Amino acid sequence: MSAEIVPSLGAGLARFNYRRVPLFRPWPNGGGGNPFDLACNLLLPWSNRISGGGFVFEHKFHELLANVADEPFPIHGNGFSQEWEVDSLAPDKASLSLVSDGPGPYRYRAEVTYALTGQALELQLLIVNSAPVRLPFGLGIHPWFPRTALTTLHAPASQVCLELPSHLPDRFEDVETRPDWDFATPAALPSGWINNAFAGWDGVASIRWPEQNCGLRIEASPVLNFYLVYSPSQASDFVCFEPVSHVVDAHNRGSIDKWNGLSVLSPGESLVADCSFTVI
């Protein structure tokens with residue numbers, strides 16, 4: 001088992017292999033500067049898109065600028081695109097850190113630890129609010145998995161969030177109303193576009209590649225109680241299964257429980273998320 005980290009691109013992973021079989025979609029040979037070509041990204045201090053040019057929190061508007069070409073909304077925070085420091089490195093474990101002045105009102109310190117244990121990759125992501133005010137924080141793990149003709153996903157959830165053409169959220173529906181997006185039992189991926197958040201998840205999922213006689217069991221800590229699935233179509237060579245702490249645009253969705261998985265951190269307070277990927 002091996003994992004390759006790219007500190008200069010958000011401490012993301014270039015590869016995660018088992019017996020030389022790619023378990024995450026590998027970074028192209030020769031690399032490149034696009035973080036979304038990596039095998040896995042870290043999402044902080046929030047996940048996915050925020051509308052309206054920012055958000056209001058405790059009666060103050062906080063501006064956030066778009067940060068990705070061709071994206072009208074700020075997306076995935078900034079941790080994925082920053083250079084991280086390597087704090088420690090061993091054959092089976094690495095720790096990296098980031099001190100960030102931004103985006104917008106955010107000031108934070110982050111740490112990530114990757115560890116190879118037995119047949120698993122274990123990841124822990126921590127963020128500390130270094131701003132002088134309370135702010136809503138979120139975290140996410142964004143692996144890019146290989147997609148084959150026979151790939152299946154098992155990730156029981158109770159609700160799915162429909163998206164607008166802008167990729168912002170529309171409304172939640174019971175997942176049973178969309179059988180092509182119901183992964184209560186191992187199911188093939190939908191043939192068309194999917195870019196949706198799911199709620200009512202217990203933090204355990206699995207993805208399998210029958211052609212390789214291989215799969216991964218994914219276990220996320222309770223703070224990552226939503227997931228997103230993204231894949232453009234059956235012609236795509238990837239599918240993203242992203243354990244996240246909140247739904248898309250949660251900053252602008254008020255305090256409705258099923259939207260608001262954000263964690264309000266006072267100065268000095270922290271948020272920690274764990275996620276493991278075990279070969280099955």
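Annotations for the structure displayed:
- Within the accessible area of the chain (1.4 Å probe), percent carbon and sulfur: 50
- Summed side-chain charge close to residue 99 - residues other than residue 99 whose Cβ falls under 13 Å, Lys, Arg +1, Asp, Glu -1: -3
- The Cβ shell under 15 Å around residue 129 holds other residues with a net charge of -1, Lys and Arg each +1, Asp and Glu each -1.
- Average accessible surface area per residue within the range 125-280, 1.4 Å rolling probe, Å²: 39
- GluC sites (Glu not before Pro) restricted to the range 185-280 and DSSP loop, no more than 16 other C-beta within 10 Å: 269
- Sites listed here are GluC sites (Glu not before Pro) in the range 50-120 whose DSSP assignment is loop and whose Cβ has at most 13 other Cβ atoms within 10 Å: 58, 83.
- Contact order normalised by residue count of the range 201-280, Cα under 8 Å, 6+ apart, percent: 33
- Separation in nanometres of the label points that stand 7 Å from Cα toward Cβ, at residue 184 and residue 212: 2.9
- Overall shape: oblate for the range 99-198, with the ratio a/c of the largest to smallest alpha carbon gyration tensor axis at 1.5 or above and b/c at least equal to a/b.
- As a calculated quantity, the FRET efficiency between residue 63 and residue 193 at R0 = 22 Å, using C-beta atoms, amounts to about 0.10.
The values are calculated or read from the model by the stated rules, or taken from the named source; none is laboratory data. Just so we're clear, the structure is a prediction, and the values are computed from it rather than from any experiment. Note that we place each Cβ from the backbone using ideal geometry, even for glycine, and neighbour counts take in every protein chain shown. The area values use the complete protein model at the heavy-atom level, side chains included, leaving out ligands, DNA and RNA. Shrake-Rupley method; radii C 1.70, N 1.55, O 1.52, S 1.80 Å.
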